Amino acid sequence: MYSAYRWSKRLALPALWYTAFEMYGLTLGGPQMLFYSVIHTMPVVVFVVLASMLFFVGWWLQTALALLVAPYRDALGLTGSRVASLLAGLTLHALLLVTYESWSSGNVLRVMLCLAGLVLTVKLTPAMRSSRSSRSSPAVRHL
């Protein structure tokens, strides 16, 4: 059970990072046609990101289950507050992706959401690290 959760997190990383790069990084300069540039030049990247989105959904579902079922959360070694904040971050990222067309065209809103999205991505990325390994070793490496 813990292993499936850990692998879902790790395999969701390409979807999180690439969509964040396009949605938040590139959109700072103006609205984008998401995936337009890579769909014609790098179809393998598109396949990897789309496959990774399935694991992103799986990670979200497992995190929601951990929020609702305390024994599952305990088996994962997560606290209730960490699970709640992780679920909120994943949900916000997914909502911003789904509603991209509506918010990307406004100047002030676009910049604010892009900056907030970049901060969100930075906060979600350490969540990819195993919670058990960070507890077992006193010195955790930070990049």
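The values are calculated or read from the model by the stated rules, or taken from the named source; none is laboratory data. Not measured: the values here are computed from a predicted model. In this analysis, Cβ positions are derived from the backbone assuming ideal geometry, glycine residues included, and neighbour counts consider all displayed protein chains.
Of everything in the stretch 32-44, what is more than 18 Å from Thr121 (Cα to Cα) and surrounded by 15 or more Cβ atoms within 10 Å (Cβ to Cβ)? Give them in sequence order. Passing the criteria: Gln32, Phe35, Val38. Taken together, Leu28, Leu16, Leu78 contain a single residue that is assigned to a loop (DSSP other than H, G, I, E, B), modelled with pLDDT under 90 and either closer than 23 Å to Lys123 by Cβ or of a type in the set (Asp, Glu) (or both), which is Leu78. The residue list Arg6, Arg10, Arg73, Arg82 contains one member that is over 24 Å from Gly117 (Cβ atoms) and either among the aromatic types (Phe, Trp, Tyr) or in contact (Cβ under 8 Å) with a residue 40 or more places away in the chain (or both), which is Arg6.
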